[in-house]
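The values are calculated or read from the model by the stated rules, or taken from the named source; none is laboratory data. Since this is a predicted model, take the numbers as computed values, not measurements. Using ideal geometry, Cβ is built from the backbone for each residue, glycine included, and neighbour counts are taken over all protein chains shown. Each accessible area value is taken on the protein alone, full model and side chains, heavy atoms only, with ligands, DNA and RNA left out. Shrake-Rupley method; radii C 1.70, N 1.55, O 1.52, S 1.80 Å.
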Amino acid sequence: MKRMLSLALALAPLTALATPDPTDWDAVVAQAEGQIVHWHAWGGSTATNDFISWVGTRLAEDYDVTLTHVKLENTADAVTRVLTEKSAGQDTDGAVDLIWINGANFAAMKDADLLFGPYAEALPNWKFADTDGKTLQHDFTVATEGYESPWAMAQVVFMHDTADLPERLGSMPELLDWARAHPGRFTYPQPPDFLGTTFLKQALVDLSTDPKALSQPVSEETYTEVTAPLWEFLEELTPLLWREGRAYPQSGPRQLQLMNDDEIDLAISFSPGEASTAIANFQLPESVRTFVLDKGTIGNASFVAIPYNSDSKAAAMVVANFLMSPEAQLKAQDPAVLGYGTVLDINALSVQDRAAFRTLDLGVATLSPEDLGVVQAEPHPSWMTRIAEDWVARYGVGN
């Protein structure tokens, strides 16, 4: 039957091939055979790169889909590529077939009609998605409306080397007090790096006296007032950072290297299992543990989206669906692989898959779901863009 569908699709008009129907999954799978998916995704982590390579192997085995990982330093580069193609009238044969995307980049693509869909909630594995317990239908307050599908859960944690910093810190003011007593022992990736801007957002959320304002687009009338506590905090913190705030690590992995080299004692992560994974991979000392703040920390889902002008939309949907499969989700949650949180409702899975998740050792440094506490909502994406621009103007290296 599968071969018959493939033959029928091969004889169909090319325009039909370009617009697969997500609700006809058999046809999607048949059309995906032999297609190449250029997945533009952050390439700054060996563990992530290895996971994507494994995904590609599994897709080739089961679906005859070729997955090519286009490694990005900044997701905005892929967004710009699609926007440039649209401006040039290149509405087919786009260079980008799938993007690992979040927040402001998703909002920009959605607003500019650069996305294929809706497709996400028609994927077969969507039935396992935990739409009640996790933020899978909103991305930084923006409704996804089926234009992107989730594949990993993230929440801010702080990694601390208990050999030098034995106790957790409960708030940004406590972090500042500790930095005063231990200058040079903390840093964060340099914005506009995603993890660096995440630290700025986390500080803003923890210090804010008007958190409701952060759920709305930036308002010129209130921006100065709402962000004042953040800039006051950074004015005191910056000279106390590693290298007195005159240099910053360029990425999360570089931050881990500094901790492993005993240059810093405290670092930020957006993956509760990253420390356990890094310990297992000998990238962090065994004395590292994690904590969250008293008010909770920011959490969100990682998504993939398909550009409107991809000619491999069917295969891209197959990739997105596989990423939500119990097999891929269990692999990603393994701290020896990635240590990412799952987007699935474990109770919706088969008895065998439930048992596999519940018996998985999350790692020595990974907090339990209960200990992760309250998940703070992401601010509207306009806040990240604005505070990152302001940070560069105020503290960017060379300023």
As straight-line cross-link partners of LYS86, the qualifying aspartates and glutamates (C-alpha separation under 12 Å, not fewer than 8 residues apart within one chain) are ASP113
Once phi for every residue in the stretch 89-99 is put through the Karplus expression 6.51 cos²θ - 1.76 cosθ + 1.60 (θ = phi - 60°), the whole-Hz ³J(HN,Hα) values, with Gly and Pro written as x, are x, 8, 8, 9, 6, x, 6, 10, 9, 7, 10
Among THR342, THR209, THR144, the residue with the largest mean-square fluctuation in a Gaussian network model of the chain built from Cα contacts under 10 Å is THR209
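So, by mean Cβ neighbours within 10 angstrom, what's the order for 364-374, 256-266 with the highest one leading?
Numbers: 364-374: 15.5, 256-266: 18.4.
By packing density, highest mean first, the sequence is 256-266, 364-374.
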Note to self: with every protein chain in place and a 1.4 Å probe, the chain gives an accessible area per residue in Å² of 43
For LYS201, the lysines lying under 24 Å Cα to Cα, once residues fewer than eight places off in the same chain are dropped, come out as LYS110, LYS134, LYS212, LYS295
Counting Lys and Arg as +1 and Asp and Glu as -1 over every other residue whose Cβ sits under 14 Å from the Cβ of PHE303, the net charge comes to -3
Heads up, the stretch 228-375 by the C-alpha gyration tensor (a ≥ b ≥ c square roots of eigenvalues; a/c under 1.5 rounded, else a/b over b/c prolate, else oblate) looks prolate
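For the chain, what is the convex hull volume of the alpha-carbon atoms per residue, in Å³?
Numbers: hull volume 53.2 nm³, N = 399.
Spelled out: Cα convex hull of the chain, divided by residues, is 133 Å³.
Where Lys and Arg each count +1 and Asp and Glu each count -1, what net charge lies around GLY170 among other residues with Cβ under 11 Å from its Cβ? Walk me through the numbers on the way to the answer.
Numbers: positive: ARG168, LYS295; negative: GLU167, GLU174, ASP177, ASP206, ASP294.
Here the count lands on -3.
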Ordering 168-176, 25-33 by per-residue average of other C-beta atoms within 10 angstrom, highest first, gives 25-33, 168-176
Applied in sequence order to the stretch 275-291, the curve 6.51 cos²θ - 1.76 cosθ + 1.60 (Karplus, θ = phi - 60°) yields integer Hz couplings, x standing for Gly and Pro, of 5, 4, 4, 5, 5, 4, 9, 6, 9, 9, x, 5, 7, 6, 9, 10, 8
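At 0.36 nm per residue, and after removing the present C-alpha to C-alpha distance, how many nm does the segment from LEU83 to ASP132 gain when stretched out fully? List each step's numbers first, then the result.
Working: separation 49, 0.36 × 49 = 17.64 nm, distance 3.36 nm.
Difference between extended and current length: 14.3 nm.
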In the neighbourhood of MET159 defined by beta carbon distances under 10 Å, the net charge of the other residues (Lys, Arg +1; Asp, Glu -1) is -2
Under 5 Å from the placed amide H of THR144, counting only residues 5+ away or on other chains, we find HIS138, ASP139
Sorted by chain and then number, the residues having a modelled amide H within less than 5 Å of the amide H of ALA152, at least 5 places away or on another chain, are SER302
Note, the stretch 356-366: 3J(HN,Hα) by Karplus (6.51, -1.76, 1.60, θ = phi - 60°), whole Hz, Gly/Pro = x, goes 4, 5, 6, 9, 5, 6, 6, x, 5, 9, 8
Carbon and sulfur atoms account, in whole percent of the 1.4 Å probe accessible area of the stretch 281-330, for 52
Between the Cα axis of helix 313-323 and the main Cα principal axis of the chain, the angle (0 to 90°, nearest 10) is 50
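If you roll a 1.4 Å probe over the stretch 25-102 with all protein chains in place, what percent of the accessible area is carbon or sulfur?
Numbers: 1590 of 3480 Å².
Roughly 46 percent of what the probe reaches on the stretch 25-102 is carbon or sulfur.
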Taking every DSSP bridge whose two residues both lie in the chain, the antiparallel percent to the nearest 5 is 65
Excluding residues fewer than 8 positions from LYS127 in its own chain, the aspartates and glutamates with Cα under 12 Å of it are ASP345
